[in-house]
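Participant: Dumping the structure here so I can ask a few things about it.
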Amino acid sequence: MVGPKRTPLYEEHKVAKAKLIDFGGWEMPVQYAGVIEEHHAVRQKAGLFDTSHMGEIDVRGKEALAYVQRLITNDASILHDGKILYSPMCYPTGGIVDDLLVYRYDSEHFFIVVNASNTDKDYEWMLQQVNDFEVSVENVSEQYVQLALQGPLAETILQRISSIDLSKIIYYTFTHGDIDDVPCLISRTGYTGEDGFEVYCSAEFGPQLWRKILEVGAGDGVQPIGLGARDTLRFEARLPLYGNELGREITPLEAGIGFFVKLDKEDFVGKEALQAQKKQGVPRKLVGLEMVGRGIARSHYPLQKNGEDIGFVTSGSFSPTLNKNIALGMIRADLAVQGDVLDVMIRGKAVQAKIIPSLFYKRV
């Protein structure tokens, strides 16, 4: 029997006495000091995440741009060198294969970052879409360690060991430079709703960078952050998670990320289905929920109105920032009315929740 995969930082997590769990086949830290403390650390100071389980896929060749355009729903033609694009990648049905980040080096080289649990599936799907395109597609995930430093003090801390001026990296762009004398790809991106950076380097240097960032940020309160706080942080900022807000049976229009679907661009996989859904009217909508009754709405709990099933919870938890129980739910579009009350079925018991705006947190 094959055991769970581990990132190059596994021993660092053990030293830090992290609580480790299985996450999509990876043995990953869910918490160190505790989810709520780690959550507040990122919102108020800075937190360091091991995101090395994420997948990286390299696309190169004369027709790399045309291939990426066919692959994703967003418009890669607007990207300049050094820019990053967020996009869903869809099946012909309009359902979502994954959501990903596209890094453009130039028109013949793109670096695509995908979700950890989907890496193998995504890679196979991307290979199937090559067809007659003059491109090479390579899964290079094992070559990289990926670290995310997030929070209002992220730039201050990382600048101490950076060879380049990090203030010149604007949101959703990337460059190359040395961090602690280690050659890195540095992007101003993240999954927390806060400012911050994602840093990619050769796997062998991962432990060195991890330790150094924690060392130089110690005086500013930087902490290692596990998957527990990563989830509450992204959830408050309404950043979708594959398997919750996104999936094979959910379209980007239903998930509320239709902005990243450019139906006026040339053909892409899923375009016909998404055009039809938009024309007919999107049947479901993702809404924000605030619990009125006692209890936490967990992922996949049924949602009801007057005893009738109308949808399901996609994500739900206690919000450390708002200090209340909130959730996201996928429900019938005709019932998505702000202020209305519906029932969350918690272990067979109906608990009331109110529909509220779904962007629960936005940094100032």
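Please treat every number below as a calculation from the coordinates, not as lab data. Quick caveat: nothing in here was measured; it's all calculated off a predicted structure. Here Cβ is always computed from backbone atoms with ideal geometry, including for glycine, and neighbour counts include all displayed protein chains.
Participant: Sort GLU198, GLU37, GLU290, GLU204 so the one with the fewest other Cβ atoms within 10 Å of its own Cβ comes first.
Facilitator: Ordered from fewest to most neighbouring Cβ atoms within 10 Å, GLU198, GLU37, GLU290, GLU204 come out as GLU204, GLU37, GLU290, GLU198.
Participant: Calculate the translational D of the range 283-356 in whole µm² s⁻¹ from Stokes-Einstein, where the hydrodynamic radius comes from the Kirkwood formula applied to all Cα pairs, the temperature is 10 °C and the viscosity 1.306 mPa s.
Facilitator: Stokes-Einstein gives a translational diffusion coefficient of 136 µm²/s.
Participant: Next question, about the same structure. Subtract the Cα-Cα distance of ARG294 and THR93 from 0.36 nm times their separation in residues, and report this length gain in nm to one decimal.
Facilitator: 68.5 nm is the gain from fully extending ARG294 to THR93.
Participant: Would you compute, from DSSP H runs of 4+ residues alone, the mean residue ellipticity of the chain at 222 nm, taking -39500 (n - 2.57) per run and dividing by the full residue count, rounded to the nearest 500?
Facilitator: Taking each H run of at least 4 residues, the total per residue is -5500 deg cm²/dmol.
Participant: Whole number please: convex hull volume per residue, Cα atoms of the range 26-116, in Å³.
Facilitator: Enclosed volume per residue, from the Cα hull, is 136 Å³.
Participant: For a bin width of 5 Å, list the pair-distance distribution of the range 97-217 built from all Cα-Cα distances, rounded to whole %.
Facilitator: 2, 10, 20, 22, 19, 13, 8, 5, 2, 0
Participant: Taking only Cα atoms and a 10 Å spring cutoff, compute GNM fluctuations for the chain and point out the largest among ALA297, ALA148, ALA276.
Facilitator: Maximum fluctuation in the GNM of the chain, among the listed residues, is at ALA276.
Participant: What distance in nm separates the simple spin-label points at ASP165 and ILE78, each placed 7 Å from Cα in the Cβ direction?
Facilitator: A separation of 2.8 nm, rounded to one decimal place.
Participant: Is the shape of the range 193-319 rounded, prolate or oblate, going by the alpha carbon gyration tensor and its root eigenvalues a ≥ b ≥ c, with a/c under 1.5 for rounded and a/b larger than b/c for prolate?
Facilitator: Judged from the Cα gyration tensor, the range 193-319 comes out oblate (a/c at least 1.5, b/c at or above a/b).
Participant: Would you order HIS176, HIS53, HIS109, HIS80 from fewest to most other beta-carbon atoms within 10 Å of each residue's own beta-carbon?
Facilitator: So the ranking, lowest neighbour count to highest, is HIS80, HIS176, HIS109, HIS53.
Participant: Find the Rg to Rh ratio for the chain, where Rh is the Kirkwood radius over alpha-carbon pairs and Rg uses the same atoms.
Facilitator: Radius of gyration relative to Kirkwood radius: 0.97.
Participant: Net charge near GLU63: determine it from the other residues with C-beta under 14 Å of the C-beta of GLU63, scoring Lys and Arg +1 and Asp and Glu -1.
Facilitator: Taking every Cβ under 14 Å from that of GLU63, the sum is -2.
Participant: Using a Förster distance of 30 Å, how high is the FRET efficiency between GLU272 and LYS305, based on the Cβ-Cβ distance and rounded to 0.05?
Facilitator: After rounding to 0.05, the efficiency reads 0.40.
Participant: OK, next. What net charge is computed for the residues neighbouring GLY219, neighbours being all others with C-beta under 13 Å from the C-beta of GLY219, Lys and Arg scored +1, Asp and Glu -1?
Facilitator: Summing Lys/Arg as +1 and Asp/Glu as -1 gives 0.
Participant: For a Förster distance of 41 Å, can you work out the FRET efficiency between the beta-carbons of GLU215 and GLU249, rounded to the nearest 0.05?
Facilitator: E between GLU215 and GLU249, to the nearest 0.05, is 0.35.
Participant: Can you give the net charge of the other residues whose Cβ lies under 13 Å from the Cβ of ARG188, counting K and R as +1 and D and E as -1?
Facilitator: Combined, the nearby Lys, Arg, Asp and Glu give -3.
Participant: Can you classify the range 1-153 as rounded, prolate or oblate using the Cα gyration tensor, where a ≥ b ≥ c are the square roots of its eigenvalues, rounded means a/c under 1.5, and otherwise it's prolate if a/b beats b/c and oblate if not?
Facilitator: Prolate shape, in that a/c is at least 1.5 and a/b is the bigger ratio.
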